[in-house]
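The values are calculated or read from the model by the stated rules, or taken from the named source; none is laboratory data. Just so you know, these numbers come straight off a predicted model, no measurement behind them. Virtual Cβ from ideal backbone geometry, glycine too; neighbours counted across all protein chains shown. Each accessible area value is taken on the protein alone, full model and side chains, heavy atoms only, with ligands, DNA and RNA left out. Shrake-Rupley method; radii C 1.70, N 1.55, O 1.52, S 1.80 Å.
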Amino acid sequence: FAVETGTALVSAVTASRQNPGHRKSARESSLGRVARKVAQAPAVAAEAIGDAVRRARAPSQAARFEGFSVSEFDDLLEQLRKQLEASSSTGSANGQAEQLIEKSRLVAEALAWGEQHELGLFDLFCERRILACFVTALRAPTVPHAAKVQLLQTLSMLVQNARRETSFYYILSGGHLHKLFEDDIGAENNEELVAWYVAFLKGVALRLTTQSVRLCLSATKEDFPLFARAAQLAHHQDAMVRTSARTALLKLLRLGDRVAQKATLRAANMLVVPGLVRSLRSTWVDVGQAQQRVDRGKLRDALEVEEDLLGFAAELLKLGIAELTDQLSRELVAGALLPLVLVLLQPPTEVQPPAAVIRAVVSCTRALSDYRCIVEPVAKVLLSPTVPAGLCDEHGSGGFQPEQGQGEAVPNPIRAALLTLLGDGSAPSPPEATLASWALCELVLLQSATQLTSNDDDWSLVLMLVAPLQVQSRLPPLERRAAALACSRLLLQPRSMVFRRQALQRLESALQEAKTAILANRGDETLMAIAIAGFLAEWHRQRSARTVSEEDLSMAVAEACGGVDNLLRCAKRALRDSSSSGCSTSGSSSSSSSTSNNSNVSTTELRTADVGLATGTFLQLLSVHQSVASQTANLRPASLLTCPLRTTNGQGWLCSSSGSDTVSEPVAKSDWQPEVHDASQTFLLDCTLEESVLGAEKGTALAMQLDAELLVFMAKPSTLVKSETVAPATVSAAAPLWRLKDVALHPEDEFILQISLDPQSLQEDQIDLQLRFETVDGAAHALRHLKASCELELARLWSELEAFILKENAAAVAITEEIVTSDAPAASGGSGQTQQAVCQGETS
């Protein structure tokens, strides 16, 4: 029968191709209808006919798969069908469920083997309508989850191993998969089940072609159950499920069939795009809450989800489907970004703090910077001097379209709010100053990239980036470096050359302000020591920072400004500022004397903090000034390649060493491990530790070396080597004498000398030592030496610091004057020669 059928099909196809009239008459018979269908795909028809002929002519030997012949496999399918029907209607006991799982597994393995060795096994699977039984069981709530997992595994193996197109077409036909994808089969409540469910879904989607995709559409060709289910799983809480579902969506959207694409676009506009916008808004809320609660783990997770969503949005836009791009851009701008921007006009809340809002807007525009339809409206809203009045209304964000006006133009309050977060340099900057610098940098560059001519008003905003770098802004070191990176990146752009002269003048003015703030502390030993410590800390920070080139400057700015650490620092600063203001207001009922004392303490603390920040600020301003003047991304001037201050160990406190003249890199305070040292040491005073410190026990025998620059402690072994007559001294700890905070004799025991060292910048505890000397004269001698040496060392370092600051400040003034003089002819050309000024700036 198979041979006769194959021969008839071949004859029908041949006749229909040779004689159009015969093709018309053949439509009346069933054989004619088959011939008309296979004529559209002769390769598939030839393969099917060939398989049928080979099966008919082959000897009827029992093809075995692990003990199953074809007849035995038929019996296995019958048993499985009965169990599936029973389980779907009444449920299964534990023993029956295990049998169902085992039989499903055997069927899957047999079918996978049969695709390569015996095609008759799949024919039996089709004849017994087992696929319909599988789908019914998967949808039945009475079937155990373990059995459903095995059924999904079997279906996945079928899809992956179906080598013949006819086999895959059978799986798609009959509408069975429509029912399966229209129902979630209880997978939402089971992680393993949803994982296999989405794996099967992705497997089907990846196998679809332009010819087979129509079999997955509904009868009306308007619904696409497979696509709709993938769209729902695209925002699942499990990352692997989301990735698989989005892969399936992108594959289905790439199919070129006109009918299928119409259905996919309809579903994408109704499910994918709104779901993506909702997920982004929800993720931004999670970011804001995690930042306010200073929860690093949840903040990092939320940022990863945001990056995943923005990557998916970029992939959708990259498809180049005009209708999808238009819908997605409108929803992102009007439904997500503009409502988020308008939050800047409202009082800060726990749900959407300003730092999280700015970071979200900039991250989104940065990730989608290649699509003008998204980034241009956002840049206009944030940077334009005026905006339509309807945009700032209570309901303005709902229907705002950048191309259309909404009433009379008014001054842009959103731009004013963004610039307010930068500060003006005359008072402490808000915690969001660094993020505002990043936002201004990215948005000006985006706005410039989308316009054919430069906008002088936009580029004039680059001058605002100098404000966070001034001394009175009081930005912490890491935030100041991030702001400096953003300022340098924008000022190094060719279009900012017109404002280069003004930027250098502002940087020079800020340098003068920092110089004055530093040199005003001359004579106060405490403040001098803090200034020196701040300078050396910033120098070491710049030395350890990676070299930034022009290519990776953009990435460096994004990492420094938009990372987890910066968001957490913003949250901590905001909490600290609010608690400080809360304390000041809650103390209004106290006496006037108490208020005066608190005010004096806070003023002293602020002045002490400003001294340390001022020297670091001077170095950052110097770096930016020289970078802008030389038009290079090198943020470490040549004058800072070596430390301007001659100090043996400028950054560490206690460290191991191999000698008295050279001290190694600082190590942890607990690393008091003695190393080999020259035995010929002079000016040693024997002493012992009176109180235990971290790394050394009470009673440890030491010897203090009377060095002019370092506080050095030597340790001697308790036992001697046979060849030695004197125990060799080894360095146990060393610290610069200028770090000495206080030294005095114990008020109750003159044999004990108390020494206090300022803590390292990353440590919280002050280093306190109590040393017992053998004689009172020894303790007094050590006291006199330490005080005199500390004063001399502090005076020497201060003179070196002052000389460096005066020299570099004078050099900055000379460079600025030279550039201003050279740019004067270009600037005098008038407003009509702006482009010529830009070209001359690039040449210089």
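Table for the structure above
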quantity	calculated
Probe 1.4 Å, all protein chains present, accessible-area order of E331, E690, E538, E697, largest first	E697, E331, E690, E538
Taking all pairs of distinct alpha-carbon atoms in segment 183-287, Kirkwood radius in angstrom	14.1
Gain upon complete extension [N189, K807; 0.36 nm per residue less C-alpha separation]	215.4 nm
Distribution of pairwise C-alpha distances over segment 310-372, 5 Å bins, in %	3, 16, 26, 22, 14, 10, 5, 2
Ellipsoid equivalent to segment 76-229 - semi-axes via the Cα gyration tensor, in Å	23, 20, 13
R0 of 22 Å, Cβ-Cβ distance T220-E182: FRET efficiency to nearest 0.05	0.95
FRET efficiency, S89 to R293 (Cβ-Cβ, R0 51 Å, nearest 0.05)	0.50
Unsatisfied cross-links (Cα-Cα over 18 Å) in the set K82/K103; K82/K202; K82/K148; K202/K298; K221/K262; K298/K572	K82/K202; K202/K298
Percent of C-alpha pairs per 5 Å bin, segment 151-224, short to long	3, 15, 26, 27, 17, 10, 2, 0
Residue-span extension gain [S630 to M240] - 0.36 nm each, minus C-alpha spacing	135.5 nm
Phi to ³J(HN,Hα) by Karplus 6.51 cos²θ - 1.76 cosθ + 1.60 over segment 98-113, Hz, x for Gly, Pro	5, 5, 4, 5, 5, 5, 5, 5, 5, 5, 4, 5, 5, 5, 4, 5
Per-residue SASA entry for W539, accessible area with 1.4 Å probe, Å² rounded to 10	20
Full-extension gain in nm, S69 to L206, via 0.36 nm per residue minus C-alpha separation	46.1 nm
Amide proton proximity set for L710, modelled H, under 5 Å, gap of 5+	L737
Mean accessible surface per residue for segment 171-329, computed with a 1.4 Å probe while every protein chain stays in place, in Å²	44
